[in-house]
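Some notes on the structure that comes next.
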Amino acid sequence: MSEAQHIQWFPGHMTKTKRKIAEQLKLIDAVAEVVDARIPLSSRNPILKELIGTKPLIVLLNKCDMADPKKTAEWVEYFKTMGALAIPVDCKSGKGLNTFKDSVKTVLAEKLESYKQKGLVGKPLRVMVVGIPNVGKSSFINRISGVTKAKVENRPGVTRGNQWFTIDRQLELLDTPGVLWPKFDDATVGENLAFTGAVSDRITDTEMLAMRLLEVLAQKYPDLLTARYGELDLERDGYDLLTEIGFKRGMRMRGGNTDTERAAAMVLEEFRNLKIGRITLEEVNG
Ligand code: G4P
């Protein structure tokens, strides 16, 4: 993947983001990483661990309203084994966000205790919020800080100052200084980001994408697929599935062939708008 929502990723921008994060690390106590609960690994920055070192980590499994709740629970456990505290959230409705402040206190319990010992009452905890574009980082910050501000463009090269948000007397958030990138040299990651719409359809072949999505759904969520589109021969490949679905929906072109382009756009739209169901594309074990 070379572009995500029209973002050009250049080594220079990455170096700059790395440097800026390194500079700000001394100012913060913990990191909150926003990921897409439907693709918790594909939506991570590949070198986050290296970037944040030993800072305690909270993983916000965002868009959990769209993800499979059973799988989300498994991801919470997975991150726990990785030493991070994960919480499912829905930043569109605000669901789950009420646990955020307590989560910060939990991961910083030792620090809070040492503040107390030193009589440093009232010293706010500072958390850096990170996430690749489109995971819902702005939605999270807006929701938790109660500020509706115009979204700063996610474009490397666009200079923006450090953005601090005071949540209350005990908590301050710092927006990522820079833009984080996904693991774009991995084909499956690119595909997952494209399925969820994190990568613009303008740069992906819609029909190919919908065919691949149907193959993945036929394997992972056959019941949801047939509940939405009726009986399908799930053994068949993506092209056949797309044609079958388009045919059932009456999407014909002049001459009688199925309009697979229209069918592809419909399948992607229905997946992204929850019409097929709550789906997690990445599993803990494989
Ligand atoms: P970013 O800063 O990480 O780039 O992401 P941003 O907050 O802009 O969110 C990207 C898209 O994801 C937005 O949709 C936003 O509404 C949606 N979103 C964020 N959090 C959630 C969530 O928990 N659940 C669901 N269902 N959607 C979420 P958009 O279509 O780009 O804009 P709009 O629909 O808000 O107009």
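Structure summary
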| item | result |
| --- | --- |
| Residue match in the range 214-223 (condition: closer than 26 Å to Glu33 by Cβ and either of a type in the set (A, V, I, L, M) or touching a strand residue (DSSP E or B) at 6+ places or on another chain (Cβ under 9 Å) (or both)) | yes |
| From Gly250, Gly238, Gly230, Gly246, residue being touching a Leu at 6+ places or on another chain (Cβ under 8 Å) and either within 10 Å of Ala264 (Cα to Cα) or at pLDDT 95 or above (or both) | Gly238 |
| Breaking point among (1) surrounded by fewer than 19 Cβ atoms within 10 Å (Cβ to Cβ); (2) under 25 Å from Pro133 (Cβ atoms); (3) within 16 Å of the ligand (Cβ to nearest atom), for Gly277 | (2) |
| Among (1) farther than 30 Å from Trp75 by Cα; (2) within 16 Å of the ligand (Cβ to nearest atom), the one test that Ala263 misses | (2) |
| Only listed residue being closer than 27 Å to Asp36 by Cα and among the polar types (S, T, N, Q), chosen from Thr243, Thr260, Thr188 | Thr188 |
| Matching entry among Leu174, Leu224 (being over 30 Å from Leu48 (Cβ atoms) and among the aliphatic types (A, V, I, L, M)) | Leu224 |
| Those residues of the range 13-53 which are at pLDDT below 95 and among the hydroxyl-bearing types (Ser, Thr, Tyr), in sequence order | Thr15, Thr17 |
| Near pairs, Cβ below 8 angstrom, 6+ apart or cross-chain, from the range 267-282 (over 24 Å from Tyr78 (Cβ atoms)) to any residue that is among the β-branched types (Val, Ile, Thr) and not in a loop (DSSP other than H, G, I, E, B) | Val267/Ile245; Leu268/Thr206 |
| Any hit, the range 29-39, residues being in contact with an Asp or Glu (Cβ under 6 Å, 6 or more places away or on another chain), part of a loop (DSSP other than H, G, I, E, B) and within 16 Å of the ligand (Cβ to nearest atom) | yes |
| Residue identified as under 20 Å from Val127 (Cβ atoms), buried (at least 20 other Cβ atoms within 10 Å of the Cβ) and over 16 Å from the mean Cα position of the chain (by Cα) among Phe100, Phe79 | Phe100 |
| All helices (runs of 4 or more DSSP H) inside the range 52-150 with 2 or more residues being within 16 Å of the ligand (Cβ to nearest atom) | 69-81, 137-145 |
| Search result, residues across the range 245-280 that are part of a helix (DSSP H, G or I), within 29 Å of Asp65 (Cβ to Cβ) and not acidic (Asp, Glu) | Ile245, Gly246, Lys248, Arg262, Ala263, Ala264, Ala265, Met266, Val267, Leu268, Phe271, Arg272 |
| The one condition in (1) surrounded by fewer than 18 Cβ atoms within 10 Å (Cβ to Cβ); (2) closer than 25 Å to Leu25 by Cα; (3) modelled with pLDDT under 90; (4) within 12 Å of the ligand (Cβ to nearest atom) that Thr176 fails to fulfil | (1) |
| Yes/no for Thr260 being at pLDDT 95 or above, of a type outside the set (Gly, Ala, Ser), buried (at least 20 other Cβ atoms within 10 Å of the Cβ) and farther than 16 Å from Val216 by Cα | yes |
| Options Lys105, Lys123: the member that is over 19 Å from Gly94 (Cα atoms) and at pLDDT 95 or above | Lys105 |
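The values are calculated or read from the model by the stated rules, or taken from the named source; none is laboratory data. Remember, predicted model here, so these are calculated numbers, not experimental data. With ideal geometry, Cβ positions are generated from the backbone for all residues, glycine too; neighbour counts draw on all protein chains shown.
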